[in-house]
Each structure stands twice: as structure tokens, then as C-alpha cells.
Amino acid sequence: MVFYVIAAQRGKGDENDSKRIAEDALRNSGRPLGTVYPVKVDKSKFKIGTLDQLMELNETLVKVDSTLDSTCKKMEKIARETATNDTFVEVPDKGKVNPFEYVKTFQWENRKYTQGKSLLEIAASINDRMKMIDNDIKKIQDELTEARNNHAQLVKKDGNNFLTQDISGAIYGSAKNIDPRKYFVETIGSEMFATVIVVVHKLHIAKFKSLYEKVLPWSTEGNFGAVPRSDVSLGIEDNDGNQLWRIVVIKDKLQEYLTEGRKQGLVLRPFVYDAEGYKREIQQITELENKANLLKTQLAQKSLYAFSELLIALLHLKVLRAFIDGVLRFGIPPQFFIGIVEANKGCEKGVLASLNEKFDDKTLAGMYGNSGKDDGAGDIGHDDFFSFVSIPLTSPLGI
């Protein structure tokens, strides 16, 4: 689907005449080119202001339109990715309606954008609303990203066995069968020694026992790496037959021992036993998971309403632009027709050409036509000049 918000008038005809002309333009002899939906707005209530003000505001609104359109698309994308419900537009007295139905039945909402204000004030209100909604959603996204990053830093490495996964869960999960003071030297306040966990396959235990003491050979000064005969099985084994063994290493030699031991094929994990710290970490992980889930739910809910509000704002801005352009094009009092045109598939160029012909002012015929610049909406570019005002609508994303 392709939509255009148009403002059109032929000669001195009134709004109803222009509406009939637009409808006739889309009744092609072969097949209909599209449908015209009149915009319900009382143009006489707008405070028009001076010509200079209109021209300046018209130029400014082109930029606001571009930003608002991209923000609306972004919000719809977030809603589609996070929410389980379809997008909607919340309309007074109607409730939630399909976005495309809202476009087709659009009418100006004075309670949101009061026509009693100046055009500049209405435009500022639309722009401010866009910024407020965008900032609210961005705040939730930032909080969600922070929660996910913090969670990722705390979550232990996962894997199929002890060779690839974090071993903390296995050790603390077997706490009932392990006396910490027997296996972990830091629990008795040792400042000279460090605990190292070695992952050993059950078929390679003898090889491990013969190797770990020799990783850093005894020096002539009596220095060494691993404490002889410090190997003890923790009694923990994964489904692949990998077991956890504890050895004790001189703390000053720990990094050197880890480097050399890994070169010799040992799977070494320095380990400091802290059961309470582990419990706190698990609690933090759970809290962060809950926080992320809550923020994701908030994002889903708020993005749906954000999209609704932004599409409402976007349609009002498009109509406001059509009105201003119509006044600059056709003059005052504003008797021109404002409508939303839905082009049938494959008929986009035909719609524009037919409308251009029907509203043709022969005195300006040489000025009409396509600039050749495509902005992605049915070959309509911002530099095109037709016998009517045409503003493309590319939101919602399904258009």
C-alpha cells in the first residue's frame, strides 16, 4: 500500500468539487487506480498567520516530518520485536483500531492538538511530544541494555563439560560432600599457598599425578611450584568422565605455574572458595534477570503506545503540512480539499499522473512534473511540482 496526503483545488471550485474531481481521477476506465479518503478537519479554525511565517514554518516542518517518520518506524520496529500484540492506534471514542484503518478514517483531534493555537504552536507541540516519547523509550532501552550487560558479566561460562564450563556451580553444588577447610587452603587463612583445580579425565589420572609436581622443577635454592602429594579428588565428575582434582601451589609461583602447566597439557583453574560470595552472585544474577524481564515487558507495552501516539502525531503533521502548502498554493480562505489517497498496488505513478491531469491549471502546465528524484514513496521526490499538494506517507512499515 502507498498513501499520499493531498491538498487540491481546481479553479474556484469548493472543497466538495475538488473531492469529486479527485475521486473521478482514480476511476480509471480499465481498473481503479486507488481510493480517496477525505480528511475530517475544520480548516477555518486554523490560525494562518503571515505569509512569511507560513513559508518559514513549511520549510521547518519538512525536517520535523522526516525525523518524526523515522522515529515512528523505529517505534513500530521495537513494538514488533518485543510485543506479542499487534500494533494499534488508540482513538478517542473508538478504542484501539488498526493503524491502516486509522489512516483511512483520520480526523483532526482537537483535544490533542488544539486548532485554537497558532500553527507554530501546534507544530511545536507535535515536535515536543515526539521528543518526549522517544526519550522515554530510549531510557527503558538504556536500562535494559545495562541490566543485560551486568547480567552477562556475572553469568558463568556455560559448556557441555568441565573442560569448557565454569566449575563453580559444580563445586558449590556439592558443598554437602566437601569440607572446605580440608580442600581449600584460603579457608584456613593461608597467605603462602593457593588452591588450583585441575580438570582430569578419569583415564588420565596416573599421568596427571606424575606430571603436576614437575611443572616447575625444584631449584637449587629449594623453590618449587606445586606442593608434593597435594593432589586430592573432589569426588565430582561430569558426564564425559572429567573429574575435578585439587592441588596446592606456592602463591608467589601461581602465574608461572599456570602458564607452564597449560603448556604441558594440564587444564588448570585457580580457585578461591567463597560460598557466601557465590550465593550473593547467584542472587544478583536472578535479580538482574528479573529486572531485564520487567524492562522488556515495559518496553513492549510502552512501544505499542509510543507507536500509537507517534503515528497520530505524524498524521496530524502531514495534514498540517498539506494545509500550509495548500494555503501557499491556493490562497485564502482555504476552500481546497484535503484527503488521503491510497494507491492500488502498481498504480502509484498512475495515481499521481491522473490527479495531476485532473487538477491541471493550464497556466502552470509547464511547471508540473517529476524531478527524477526518488524518496522511496512511489517515485515522488520533495522537489516534484504537481497541480496538487502531495505529501507521501510511509508509516506504518506495512505501507
* Kindly indicate whether any position in the stretch 3-14 is touching a residue at least 24 places away in the same chain (Cβ under 8 Å), surrounded by 17 or more Cβ atoms within 10 Å (Cβ to Cβ) and assigned to a helix (DSSP H, G or I). => no
* **Hits in the stretch 93-130 - residues which are basic (K, R) and either surrounded by fewer than 13 Cβ atoms within 10 Å (Cβ to Cβ) or over 30 Å from D52 (Cβ atoms) (or both)** => K94, K96, K104, R111
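Among residues belonging to the stretch 46-70 that are outside any helix (DSSP H, G or I) and not aliphatic (A, V, I, L, M), point out the one that is surrounded by the most Cβ atoms within 10 Å (Cβ to Cβ). Working first, answer last.
Taking the stretch 46-70 first, the residues outside any helix (DSSP H, G or I) are 46-50.
Retained after the next criterion (residues that are not aliphatic (A, V, I, L, M)): 46-47, 49-50.
Numbers: F46: 20, K47: 12, G49: 15, T50: 8.
By that ranking, first place goes to F46.
Counting just the residues of the stretch 77-115 that are part of a helix (DSSP H, G or I) and closer than 14 Å to L315 by Cβ, which one comes out farthest from the chain's Cα centre (by Cα)?
Kept after step one, since they are part of a helix (DSSP H, G or I), are these residues of the stretch 77-115: 77-82, 99-104.
Next, only the ones that are closer than 14 Å to L315 by Cβ stay: 99-104.
Details: P99: 20, F100: 22, E101: 25, Y102: 24, V103: 24, K104: 27 Å.
Once the filter is applied, the top-ranked residue is K104.
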* Asked: What tally of residues in the stretch 286-299 results from selecting those that are surrounded by fewer than 17 Cβ atoms within 10 Å (Cβ to Cβ), in contact (Cβ under 8 Å) with a residue 24 or more places away in the chain and either closer than 21 Å to Q243 by Cα or not acidic (D, E) (or both)?
  -> 2
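Can you name every one of the strands (runs of 3 or more DSSP E) wholly within the stretch 153-271 that holds 1 or more residues which are surrounded by 12 or more Cβ atoms within 10 Å (Cβ to Cβ) and free of Cβ contacts under 8 Å to residues at least 24 places away in the same chain?
Details: elements: 193-201, 232-237, 242-250, 267-270.
The strands (runs of 3 or more DSSP E) meeting that bar are 232-237.
Just to check your reading of the model, which residue among S387, S354 is modelled with pLDDT of 90 or more and either farther than 30 Å from K77 by Cβ or not assigned by TED's automatic domain parsing to the domain that holds K318 (or both)? Before you say what the answer is, go through the steps one by one.
Details: S387 fails: modelled with pLDDT of 90 or more.
Within the list S387, S354, the selection yields S354.
The values are calculated or read from the model by the stated rules, or taken from the named source; none is laboratory data. None of these values were measured; they are calculated from a predicted model. Don't worry about glycine lacking a Cβ; one is built from the backbone with ideal geometry, like all the others, and counts go over all protein chains shown.
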